[in-house]
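The values are calculated or read from the model by the stated rules, or taken from the named source; none is laboratory data. Here the structure is a predicted model, which means the values were calculated and not measured. Cβ placement follows ideal geometry from the backbone for every residue including glycine, while neighbour counts extend to all protein chains displayed. These accessible areas exclude ligands, DNA and RNA; they are computed on the full protein's heavy atoms, side chains included. Shrake-Rupley method; radii C 1.70, N 1.55, O 1.52, S 1.80 Å.
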Amino acid sequence: MTRILTALASLLCLGLAAFGISAASPLALFDAIGPRDPGGRLAAKDQAFGDGSRRRLDVYVPVTAAENAPVLVFFYGGSWQSGSKDDYAFVGHALAAQGFVTVLPDYRLYPEAPFPGFLEDGAAALAWVRDNIAGYGGDPRRIVLAGHSAGAYNALMLGLDPRYVTAAGVDPKVIKAVAGLSGPYDFLPLDQDTTVKVFGQAADLAATQPGSFVGPLSPPAFLATGDGDTVVKPRHTASLAAKLRAEHVPVQERIYPGLDHKDTLLALSVTFRSKAPELAEMASFLMRQSSGRSQYTMRR
């Protein structure tokens with residue numbers, strides 16, 4: 001039965017779009033039928049962190065309850081134009097099973113919210129975490145951020161440029177580490193239709209790039225990609241990792257052989273976890289880093 005399920009899931013995911021897809025997508029079907037990590041459970045659904053249907057989040061917790069657990073906020077991808085937290089329950093279960101109180105927020109999308117609207121929504125979700133996560137066993141002083149593809153960009157920007165979380169009333173020092181899976185971090189000049197639409201109206205294009213804000217007190221980073229990724233090429237990961245290392249920021253950079261863009265997301269699932277040790281390596285890094293860092297810097 002497991003082999004049949006895996007084969008079916010593989011077929012379903014062949015059509016997975018590069019940056020994320022709609023609720024009627026193969027990813028939604030994969031999330032619905034695939035096995036879940038038994039060590040995590042859904043604790044709260046559709047909690048509002050602002051006005052509108054796109055400002056809602058879900059909370060997953062470890063089955064074995066622990067007080068003051070580290071909190072992981074995961075942002076999904078979708079070219080900043082599509083995606084739904086409802087398609088990522090497998091990620092919530094997987095990360096909660098690793099010991100994190102896990103938050104999956106939705107956020108407004110283009111054209112409603114070009115840059116920096118989706119970052120402002122991510123910061124608002126962090127404000128909700130600060131105010132509410134202790135009720136789910138999480139420690140609001142120990143937050144780590146992670147994401148895939150466009151969501152990886154969101155996570156890295158919120159961690160590296162403290163202006164958004166500060167504006168939301170959150171102390172940037174609570175962000176202990178960040179993790180990006182197949183993220184676009186270095187895309188100037190804007191020469192793709194997606195980035196032109198989403199970022200083209202920014203007054204300062206340099207301020208759209210995570211690397212512009214790297215400094216010696218930036219949060220430690222786990223950066224991973226696949227060597228077969230032709231959607232967001234591995235150079236993005238290598239470029240940001242190099243900038244962080246130049247400032248002596250702890251970085252774990254992983255380029256997994258044989259993985260493409262969608263694989264670095266699917267490798268978090270029970271079905272495709274054998275593709276790479278990504279989940280274990282990312283969780284280990286974030287867990288180790290979740291109790292450090294007492295200062296931050298903003299660098300341009």
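Pull up the cross-link candidates among the aspartates and glutamates for K85, meaning alpha carbon to alpha carbon under 19 Å and not fewer than 8 places away within one chain.
The reachable aspartates and glutamates, counting only those whose Cα sits under 19 Å from K85, are D31, D37, D46, D51, D58, D106, E112, E120, D121, D263.
By accessible area of protein heavy atoms, probe 1.4 Å, what ranking do W128, W80 get, highest first?
Result, largest first: W128, W80.
If each Cα of the chain is one equal point scatterer, what is log10 of I(q)/I(0) from the Debye formula at q = 0.08, 0.11 Å⁻¹?
Log10 I(q)/I(0), no solvent term: -0.29, -0.57.
What accessible surface, in Å², does a 1.4 Å probe find on K275, ignoring ligands, DNA and RNA and rounding to the nearest 10?
Rounded to the nearest 10, the figure is 80 Å².
Could you go through the range 279-286 in sequence order and give the Karplus-derived ³J(HN,Hα) for each residue, using 6.51 cos²θ - 1.76 cosθ + 1.60 with θ = phi - 60°, rounded to whole Hz, and x for Gly and Pro?
4, 5, 5, 5, 4, 5, 4, 5
Given a 1.4 angstrom probe, I'd like the percentage of the accessible area of the chain that is carbon and sulfur, rounded to a whole number.
Summing carbon and sulfur atoms, their accessible area is 54 percent of the total for the chain.
Can you give the relative contact order of the chain as a percent, counting alpha carbon pairs under 8 Å and 6+ residues apart?
It rounds to 17 percent for the chain.
So what does E112 come to for accessible area, using a 1.4 Å probe and Å² rounded to 10?
Its heavy atoms expose roughly 120 Å² to the probe.
Can you sort S182, S212 by 1.4 Å-probe accessible area, starting with the largest?
Highest to lowest solvent-accessible surface, that is S212, S182.
Can you work out ³J(HN,Hα) from phi for every residue in the range 147-156, in order, using Karplus 6.51 cos²θ - 1.76 cosθ + 1.60 and θ = phi - 60°, giving whole Hz and x for Gly and Pro?
x, 10, 6, 4, x, 5, 4, 4, 4, 5
Positive end of the dipole of the chain, charges at C-beta (+1 Lys, Arg; -1 Asp, Glu), about the Cα centre: which of S53, L240, L265 has its Cα farthest in that direction?
In the chain, that residue is L240.
Given Cα pairs under 8 Å that are at least 6 residues apart, what percent is the relative contact order of the range 194-300?
Reported as a whole number, the value is 32 percent.
Amide H neighbours of R254 under 5 Å, at least 5 residues apart or on other chains, H built in the peptide plane: list them.
Amide H neighbours of R254, under 5 Å, 5+ apart: L223, A224, T225.
Given H placed on each backbone N at 1.01 Å, which residues far from A43 in sequence or on other chains put an amide H within less than 5 Å of it?
Answer set, sorted by chain and number: V59, Y60, V61.
For the range 229-263 and the range 71-86, what is the separation of their C-alpha centers, rounded to whole Å?
Cα centres, the range 229-263 to the range 71-86: 19 Å.
Extent of the range 154-300 along each principal axis, from alpha carbon coordinates, in Å, largest to smallest?
40, 40, 28
How much accessible surface does Y136 have with a 1.4 Å probe, in Å² rounded to 10?
Answer for Y136: close to 70 Å² accessible.
Across the range 213-225, in residue order, what do the Karplus-derived ³J(HN,Hα) couplings come to in whole Hz, using 6.51 cos²θ - 1.76 cosθ + 1.60 with θ = phi - 60° and x for Gly and Pro?
10, 5, x, x, 10, 5, x, x, 9, 9, 10, 9, 7
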